Each structure stands twice: as structure tokens, then as C-alpha cells.
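The values are calculated or read from the model by the stated rules, or taken from the named source; none is laboratory data. These numbers were taken from a predicted model, which means no experiment stands behind them. Note: ideal-geometry Cβ built from the backbone for every residue, glycine included; neighbour counts use all protein chains shown.
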Amino acid sequence: MSANGNPYQRPPEKFIYPKLSERLQWIDFELRANLVQYKRNESAVTVPWVWLNINEVKSRALTESGSKILVSLKEGDRIRIPKHPFNTLPSVPLFSKKSDGFFLGHLTASRSIYLETSTLGVETTVKLATNRPFGPKTWWNPRAGRQNQKAKGGNTIARGMDLSHYLLSIRKLRSAQAKIPNNFLPEALSIEFGDDGIVLFRDLSAMKLKHHYMPGTASIFALREMSNDFLSIMLQAYVFPKARDDVAYFLDDGFIRNNATPQNILIELNEDYQPTFQHLLRDFDDQRISNIHKELFKEWGFFLPEVEGVYMGFKPHEMLESTFMNLEVSIHEADDPYLIPLSARTALRSGYESVFLEEWNRRMRTQFNSIQQVETSLTTPEFKEALRSHLVKLYGKSPL
């Protein structure tokens, strides 16, 4: 604990990226503490783009940011389409097409690249097909091998747009007193071209000014250097808020964070690097929609976008498992290995289940003692009626 009694410290200097503003501290966490087995390029990268005729593409904007980005990309009857700077696979769309210009960006997570506001007038990240998401394999980046599965993926990227559309739509239908600020980063704009070409721009407007955002996968590596009470900060800053959010997304929105792994949870810190106990969700490709909510919303006449192949039942035990997925892998393969002690792992899992049950019982007026009891109850008529009553409070609807 520090002299002022605050257990949370400003990150050490190796987590302060001097070339970026405080607003972009999360980029530094991405580069140095997220999936740290890869040594990504810490300097800006040039992102090539090519001109395509506007008639060759199909665009879809979901947010105001998406519409602004689309306008910035267009010029007359043509449009700029970015390509991943490190791709080496000829089958990736536009691989052989000569570049017509370059954007300035920074590598972030996987195949996404951050583009500064000066580039398109809107702060955004763009997801691009590539077999080299972490850059070329070099002496300083020996683990950056090929990942050919990320060289295409038009269907999964498009699904991310559909799921973003669903969540944006259902939030708008809430009654005025039940509306909340968006706690997710929706996909803002997709541009499709050719047989399987697609680029995806993300809306970052939910990221607050003078706040910092740390991917959950970075949390062990970074937070243990920010606090001498590692277990406490992991529980308070990551585990507890995620448990509450997993319950809220499902009960309130019918949105199942099926693969909301630490990689796709951004932990929010204020300008003094204190946890706000809030998270932002990103990357919608692997999320799902609740079958039972779909039935109820349809019964109430809600017009919601259909998303092929994503409807399923809620499985709380999967939420628990995804909470800790890849955390140890990221640390174990780092230059500075750090494995979570068994006692801490047990405490983290127990902490998730305890807060999950507390939030569930509070909202649904139940007295369950285990996640298994929650899961068993989901197929009962009693749960459906309790859920109906819960949703009426949020959406101001009565059963037809």
C-alpha cells in the first residue's frame, strides 16, 4: 500500500507510451501487456489503402461514427479500402492490388489497427484480413508466426456487425428511466468487396476522455506491477465487474457474452489509474442472443435484426470459464513469466461465482447458492415468467 493509503499505483514507466496521448494509454497496454508472448511493433505503422469504385463495394454504417468514417473514405465515385500492412498471403483480397496511399496507425489486438483521429476525422480501429496479425517473424518477434485462419473470415466479421446492430437496437427500445450509457464498443461500419473481402471499423466513442483502458488479458501482467495486493485488485477491477455485467447483459438485453474472454474486456481506469469498476465489451464475432428473449421480444412486437446461427440458451458455467481463458497462457509465454498461484486461482473463481449469484438473486428475487442451480432453473416455466416481469420493468411492455 502506498503512503497515501491507495493500493493502486500509476503503472511503471514501461507502460507509459510517450508518443501517444493519455487518451491512448490503452494502446500501450495492448502492445506491452496484452498477449505478451508477441513483441509487437511499438512505433506507428503505415497502413496501405487502395482505391475501389464505389459500385464495387457494399457499405453498412450502424453509428454516427460509422457514417463519418464512410464519408471520409469516399472521394467522388471511388472509396479508399485499407489493407493489412504485414499480410503475405496472396489469397487475401486486394493482396496483389498496388497501394494508392497510406494511413498512419498503431497495432492493437490481433488483426485490428488503431487509426488516429487525424486520419479519418474519427477515432477508430479497423479489422483487416491477414495471416500476420502480429507482424513479420523477426529476431525481435520470434513468435509472430502465420495465422492463416485470420486471412479471411468475411462471415464472422459480418456477424459482428449483425450482433452490434442487435445490441444497439435493443438498448434504444428501453424505457427512458431504464436507459444506460453504452458499455460496449460496437462495430460502426463494414465495407464488403469482391467474393470475401470485408473491412470493419469500430466505434470507440464509449471510451471516456482522461480514462485508460486495459485489456483483461493484460491485467495480470500490468496490475501486479501497479499494486502490492494483486488478488484484491484482480477481484475488484476485473472479476467482480465482469460477473455483474454477464448477468446484466443476459437478463436485460438477451445478449450472451458467450466468448467474452479477457482479451475482449477492457478494464476502465480513471486519469489517476484507479479502477472505476466498469468495463467495456469489444469484438462481437463470438457473442450470442438468448432464445427465450427472442421469443418474448417477438411476442411484444419488437422489430429486431435477425442474426443467423447465434441463438442459444444461457450457460452460466461458460461465462465463468471464459472469464479466465488465456490469462495464464499470456503470462506463461512472456519474457517475465508469472503464473497465478493455485490459491489465487481458486479465490478468483470463487469471487466470480459469489458476485454472479448475488447479482442474479437481487435481480430475479431468487436464493440460489450455486451457478448450477441458476443453469437448471433456466428451462422452467417459473424462470420465463420471472424474466417476463423483469423485462416489463425495462421496456415498459405488457404481455400481449
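List of remarks:
- When the stretch 234-284 is filtered for residues that are farther than 14 Å from Leu320 by Cβ and of a type in the set (Lys, Arg), only Arg282 remains.
- Considering only residues in the stretch 242-261 that are of a type outside the set (D, E, K, R) and outside any helix (DSSP H, G or I), the one that is farthest from Phe383 (Cα to Cα) turns out to be Thr261.
- Filter pass, Asp272 being surrounded by fewer than 23 Cβ atoms within 10 Å (Cβ to Cβ), out of contact with any Gly (no Cβ under 8 Å at 6 or more places or on another chain) and under 21 Å from Ala188 (Cβ atoms): no
- Any hit, the stretch 96-115, residues being out of contact with any helix residue (DSSP H, G or I) (no Cβ under 8 Å at 6 or more places or on another chain), closer than 25 Å to Thr63 by Cβ and polar (S, T, N, Q): yes
- Being surrounded by fewer than 18 Cβ atoms within 10 Å (Cβ to Cβ) and either within 26 Å of Leu167 (Cα to Cα) or modelled with pLDDT of 85 or more (or both) is a description that does not apply to Leu266.
- The sole residue among Ser205, Ser232 that is surrounded by fewer than 17 Cβ atoms within 10 Å (Cβ to Cβ), assigned to a helix (DSSP H, G or I) and among the small types (Gly, Ala, Ser) is Ser232.
- Scanning the stretch 167-181 for residues that are assigned to a loop (DSSP other than H, G, I, E, B) and under 13 Å from Val392 (Cα atoms) yields Leu173, Arg174, Ser175.
- Checking the stated criteria, Ser110 turns out not to satisfy the condition of being at pLDDT 90 or above and outside any strand (DSSP E or B).
- Residue match in the stretch 209-228 (condition: buried (at least 23 other Cβ atoms within 10 Å of the Cβ), closer than 30 Å to Ser370 by Cα, of a type in the set (S, T, N, Q) and modelled with pLDDT under 90): yes
- No other residue among Leu391, Leu339 is of a type in the set (A, V, I, L, M, F, W, C) and either in a loop (DSSP other than H, G, I, E, B) or modelled with pLDDT under 90 (or both) apart from Leu339.
- Filter result for Pro186 (outside the structural domain of Ala386 (by TED's automatic domain parsing), buried (at least 24 other Cβ atoms within 10 Å of the Cβ) and at pLDDT 80 or above): yes
- Scanning the stretch 279-314 for residues that are in a strand (DSSP E or B) and crowded, with 18+ Cβ neighbours inside 10 Å returns His279, Leu280, Leu281, Arg288, Ile289, Ser290.
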